[in-house]
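For reference, the structure discussed in these notes is given below.
Just so you know, all these numbers are worked out from the coordinates, no wet-lab data involved. In this text the structure is predicted, and so the values were computed from the model without any measurement. Don't worry about glycine lacking a Cβ; one is built from the backbone with ideal geometry, like all the others, and counts go over all protein chains shown.
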Ligand code: URA
């Protein structure tokens, strides 16, 4: 097999495995054949529980409330992170991707980890998935500089592999302090990985999404990752339903269509 074909096949397989993970499937289903090889498209439709509006926040675990006092704000967190070498990702990253947007944002989006484009530019969500996220943010009536965007991991895992537990362990305290410093009213966790990490649960995103959860006293809405939407456009409706709940909670209307 030519190198290009092999690389395309690996990228396609990675996408398929992420789709499975994003719909809550752990590992390959028994007897499955990778669709790019077989030429078949797997059915990824999942059943969603009915969603109750304005429910009280759900607490998945014993979450410690955020201390009210912050020293140094978001710049203090950035300073303390410095030229981070706390895990092995420092050796392979081009740029550390801290986060971008308003330090007084009412709304924060948290993704998984920087990809190639983000690693090159040092800015979160600037690749293809990022462009879709920007469209979602605009459809909600916000500009990117009014909200805040960051990731669970601040450095790109090689070949965009899944983050490792030790990497999360090193990085999560900085994310927590970043979120504490901003103090948003709502956090949107994008995809399985962000939702499971922030809520300390193994529940699949298909079960977590659509209702508000509690993250250290902040309302957290899990929803599907934009990269997943790029491969499963049919799930955009669910994401828009989730974002409408976020808008309702923030008391904002989507901009009128022209
Ligand atoms: N995917 C993420 O989870 N984060 C990014 O910044 C880009 C793509």
Check: Any idea what the alpha-carbon Rg over 2.2 N^0.38 Å comes to for the stretch 192-258?
Finding: 1.18
Notebook entry, point to check: For the stretch 122-194, rounded, prolate or oblate, judged on the Cα gyration tensor with a ≥ b ≥ c (square roots of eigenvalues), a/c < 1.5 rounded, else prolate if a/b > b/c?
Noted result: oblate
Check: In 5 Å bins starting at 0, how do the alpha-carbon pair distances of the stretch 174-220 split up by percent?
Finding: 5, 22, 35, 23, 12, 3
Check: Which of 192, 197, 134, 92 comes first, and how do the rest follow, when ranked by fewest Cβ neighbours within 10 Å?
Finding: 92, 134, 197, 192
Next item on the list: Calculate, in nm to one decimal, what residue 95 and residue 78 gain on full extension: separation in residues at 0.36 nm each, minus their alpha carbon distance.
Entry: 4.8 nm
Checklist line | Over the stretch 102-258: Rg over Rh, Cα atoms, Kirkwood Rh | finding: 0.93
Notebook entry, point to check: Using alpha-carbon positions, what is the distance between the centroids of the stretch 197-253 and the stretch 66-143, in Å?
Noted result: 18
Next item on the list: Can you tell me the order of 136-144, 153-161, 83-91 when each peptide is scored by its average per-residue count of other Cβ atoms within 10 angstrom, highest first?
Entry: 153-161, 136-144, 83-91
Next item on the list: May I ask you to derive the FRET efficiency for residue 236 and residue 143 from their Cβ-Cβ distance with R0 = 25 Å, giving the value to the nearest 0.05?
Entry: 0.75
Notebook entry, point to check: Ranked highest first by average number of other Cβ atoms within 10 Å, how do 164-171, 205-212 line up?
Noted result: 205-212, 164-171
